[in-house]
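*Asks:* Sharing a structure, written as structure tokens. Questions coming.
Values quoted throughout were computed directly from the atomic coordinates according to the rules given, and no laboratory measurement underlies them. Treat the numbers as computed from the prediction; the structure is a model and nothing was measured. Backbone-built Cβ (ideal geometry, glycine too); neighbour counts: all protein chains shown.
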Amino acid sequence: MDSVEGARVVVTGGGGGIGAALARGFAARGARVAVNDLDAGKAAAVAAEIGGVAVPGDAAATVADARDALGGRVDVYCANAGVGTGGDPMTDDDAWQHAWDVNVMAHVRACRALLPAWLERGEGRFVATVSAAGLLTMLGAAPYSVTKHGALAFAEWLSLTYRHRGLRVHAICPQGVRTDMLAASGEAGRLMLAPDAIEPGAVADALFTAMAEDRFLVLPHPEAGRFAQARAADPDRWLDTMNHYQRKLETREGAAQ
């Protein structure tokens with residue numbers, strides 16, 4: 001797919017934030033977009049704005065409905081829905097499971113439904129909204145960090161397994177983005193993400209640039225790539241640096257109490 005004009009696109013979590021920006025970006029480039037969101041009102045509002053169709057409900061369970069709404073075909077699937085679950089090893093199993101189901105297994109289940117047709121046609125595109133937490137980590141959010149690493153690993157596996165059969169995969173890994181998720185990230189978000197936060201539209205722009213350049217990794221914050229290189233080159237130094245921020249976070253949280 002050299003162009004998205006005329007493409008049929010599904011965006012999960014499309015009722016706001018990055019998802020809404022992706023939906024608007026695809027529609028502006030001539031695609032027909034199905035907007036999925038748990039909030040039916042938000043999905044309908046974005047769909048009406050862009051001339052798309054609303055497909056509310058659980059992201060992983062609506063692939064068939066979205067395909068039907070788009071006339072029986074999906075060319076691009078944006079697995080954007082996610083949950084920013086905070087916590088640590090003591091966080092209860094239900095919260096860990098929910099993060100795993102939404103941030104990883106929703107991607108797997110979507111691919112089960114989409115891959116057969118894509119591989120038969122020799123063409124398809126899977127876009128995973130991962131997060132820089134999948135490349136690096138996020139303080140105070142073990143379930144989020146671990147499952148975002150899983151989302152990135154799944155996207156990598158898809159790309160290396162099926163790229164010779166026409167599947168193109170992109171992993172979007174922003175740092176702070178001015179969304180409801182950032183607003184709910186607490187002191188860790190204010191310390192690590194808020195200072196360099198960008199608008200959701202900038203994330204969408206970065207995706208379309210990566211698509212034009214046929215790049216897997218989408219880095220709306222280019223410094224995330226440099227941090228990942230430093231982490232790989234000297235893991236202990238990187239861990240020491242992050243532990244410094246962890247101690248700083250604990251001091252700030254203690255002062256706020």
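*Asks:* Arrange Lys42, Lys148, Lys248 by Cβ neighbour counts within 10 Å, fewest through most, would you?
*Replies:* Final ranking by Cβ density, sparse to dense: Lys248, Lys42, Lys148.
*Asks:* So how tilted is helix 142-162 from the main axis of the chain? Cα-based, degrees 0 to 90, rounded to 10.
*Replies:* For helix 142-162, the angle is close to 40 degrees.
*Asks:* Another question, if that's okay. How would segment 152-209 be classified by its alpha-carbon gyration tensor: rounded, prolate or oblate, with rounded meaning a/c under 1.5 and the a/b versus b/c comparison settling the rest?
*Replies:* Prolate is the answer for segment 152-209, as a/c is 1.5 or above and a/b outweighs b/c.
*Asks:* Measure nothing fancy, just the Cα-based angle from helix 106-121's long axis to the longest principal axis of the chain, in degrees from 0 to 90, nearest 10.
*Replies:* The angle comes out near 40 degrees.
*Asks:* Related question: Amide H neighbours of Gly87 under 5 Å, counting only residues 5+ apart in sequence or on other chains, H built in-plane at 1.01 Å?
*Replies:* Residues meeting the amide H criterion: Ala141, Ala142.
*Asks:* Relative to the present Cα-Cα distance, how much length would full extension add between Ser3 and Thr91 at 0.36 nm per residue of separation?
*Replies:* 27.3 nm
*Asks:* Can you work out the Karplus-derived ³J(HN,Hα) for every residue in segment 33-41? Use 6.51 cos²θ - 1.76 cosθ + 1.60 with θ = phi - 60°, whole Hz, and x for glycine or proline.
*Replies:* Using θ = phi - 60°, the values come out as 10, 9, 9, 9, 6, 4, 8, 4, x Hz.
*Asks:* Hey, another quick one. Identify, among Ala64, Gly6, Pro200, the residue whose Cα sits farthest towards the positive end of the charge dipole of the chain, taking +1 on the Cβ of Lys and Arg and -1 on the Cβ of Asp and Glu, with the dipole about the Cα centre.
*Replies:* Gly6
*Asks:* At Asp101 and Arg121, where each label point lies 7 Å from the Cα along Cα→Cβ, what is the point-to-point distance in nanometres?
*Replies:* If labels sit at Asp101 and Arg121, their model points lie 3.0 nm apart.
*Asks:* Once you've got the GNM for the chain with C-alpha springs shorter than 10 Å, pick whichever of Ala233, Ala44, Ala155 has the biggest mean-square fluctuation.
*Replies:* Between Ala233, Ala44, Ala155, it is Ala233 that shows the largest mean-square fluctuation.
*Asks:* If you don't mind, another one. With charges only on Cβ, +1 for K and R and -1 for D and E, what is the dipole size of segment 8-225 about its Cα centre, in debye, rounded to 20?
*Replies:* 840 debye
*Asks:* Once the Cα gyration tensor of segment 8-225 is found, what semi-axes does its equivalent ellipsoid get, as square roots of 5 times the eigenvalues, in whole Å, sorted largest first?
*Replies:* Semi-axes (√(5λ), whole Å): 25, 19, 18.
*Asks:* Here's something else I'd like to know. Determine, for His107, His221, His98, the number of other Cβ atoms within 10 Å of each Cβ, and report the residues in order from fewest to most.
*Replies:* By the 10 Å Cβ count, ascending, the order reads His98, His221, His107.
*Asks:* Could you tell me the convex hull volume per residue, in Å³, taken over the Cα atoms of segment 19-130?
*Replies:* Spelled out: Cα convex hull of segment 19-130, divided by residues, is 108 Å³.
*Asks:* From a point 7 Å beyond the Cα of Tyr245 in the direction of its Cβ, which residues of segment 184-201 have a backbone N at a distance under 17 Å?
*Replies:* Inside the label zone: 184-198.
*Asks:* With r as the distance between the Cβ atoms of Arg29 and Ala197 and R0 = 25 Å, compute the FRET efficiency 1/(1 + (r/R0)^6) and round to 0.05.
*Replies:* The calculated FRET efficiency here is 0.50.
*Asks:* Ok, one more. As an exercise, use a Förster radius of 25 Å and the Cβ-Cβ distance of Ala183 and Glu49 to find the FRET efficiency, rounded to the nearest 0.05.
*Replies:* Result of the calculation: an efficiency of 0.65.
*Asks:* Using alpha carbons only, how many degrees (0 to 90, rounded to 10) separate the axis of helix 200-213 from the longest principal axis of the chain?
*Replies:* 60 degrees
*Asks:* Another question, then. What's the exposure ranking of Tyr245, Tyr162, Tyr77, going from fewest to most Cβ atoms within 10 Å?
*Replies:* Result, fewest neighbours first: Tyr245, Tyr162, Tyr77.
*Asks:* Give me the net charge for the shell around Asp58: Cβ to Cβ below 14 angstrom, other residues only, Lys and Arg +1, Asp and Glu -1.
*Replies:* -3
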